[in-house]
1. Quick check of the Kirkwood formula: for the chain, what is the inverse mean of 1/r over all pairs of different Cα atoms, in Å?
2. Which cross-chain or sequence-distant (5 or more) residues have an amide H under 5 Å from the amide H of V31, H modelled 1.01 Å from N in plane?
3. Measure nothing but the geometry: give the 0 to 90° angle between the long axis through the Cα atoms of 74-90 and the longest principal axis through the Cα atoms of the chain, rounded to 10°.
4. Where Lys and Arg each count +1 and Asp and Glu each count -1, what net charge lies around L71 among other residues with Cβ under 14 Å from its Cβ?
5. Mind giving me the FRET efficiency for Q4 and L29? R0 is 22 Å, r the Cβ-Cβ distance, nearest 0.05 is fine.
6. For E20 and A40, compute 0.36 nm times the residue count separating them, minus their Cα-Cα distance, and round to one decimal in nm.
7. Principal axis lengths of the stretch 37-91 from Cα atoms, whole Å, largest first?
Amino acid sequence: MRQQVGGPAVMRGQLERLLEASSMPNIKLQVWPFEAAAHAAMSGPFVIVGFEEPASLDVIYLETAGSRLWLEREEDANRHRALFDSVRRIALSPEDTRVRLMSLLKENR
């Protein structure tokens, strides 16, 4: 959020859009604070896909610059859920995230 891509106007627009999205009832936005340093999820993004059917297992979707991968083993899903939970615990709360976004937006005016 501090690395400017596209110039100041683009940065302001992105921060404004994140603030707008963070106020939506179906979105929980949490920022990893820079001062928290590295974390285990830095290897890349992942999506946990869950299903309503009780017998269905969650699957994990990974995407890199060169490939896409679906992990279907229960232990993979458990490991990624634990990883997600640990990141979420250390990340700023949704309220603190909004404060951080507003602060960054003021810096970029």
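1. 16.1
2. L92, T97
3. Helix 74-90 and the main axis of the chain meet at about 20 degrees.
4. Net local charge, L71 excluded: -2.
5. The calculated FRET efficiency here is 0.65.
6. Numbers: separation 20, 0.36 × 20 = 7.20 nm, distance 2.84 nm.
Taking 0.36 nm per residue and subtracting the Cα distance, the gain is 4.4 nm.
7. Ordered largest first, the stretch 37-91 gives principal extents of 38, 30, 16 Å.
All of the numbers you see were taken from the coordinates with simple rules; none came from a lab. Remember, predicted model here, so these are calculated numbers, not experimental data. In this analysis, Cβ positions are derived from the backbone assuming ideal geometry, glycine residues included, and neighbour counts consider all displayed protein chains.
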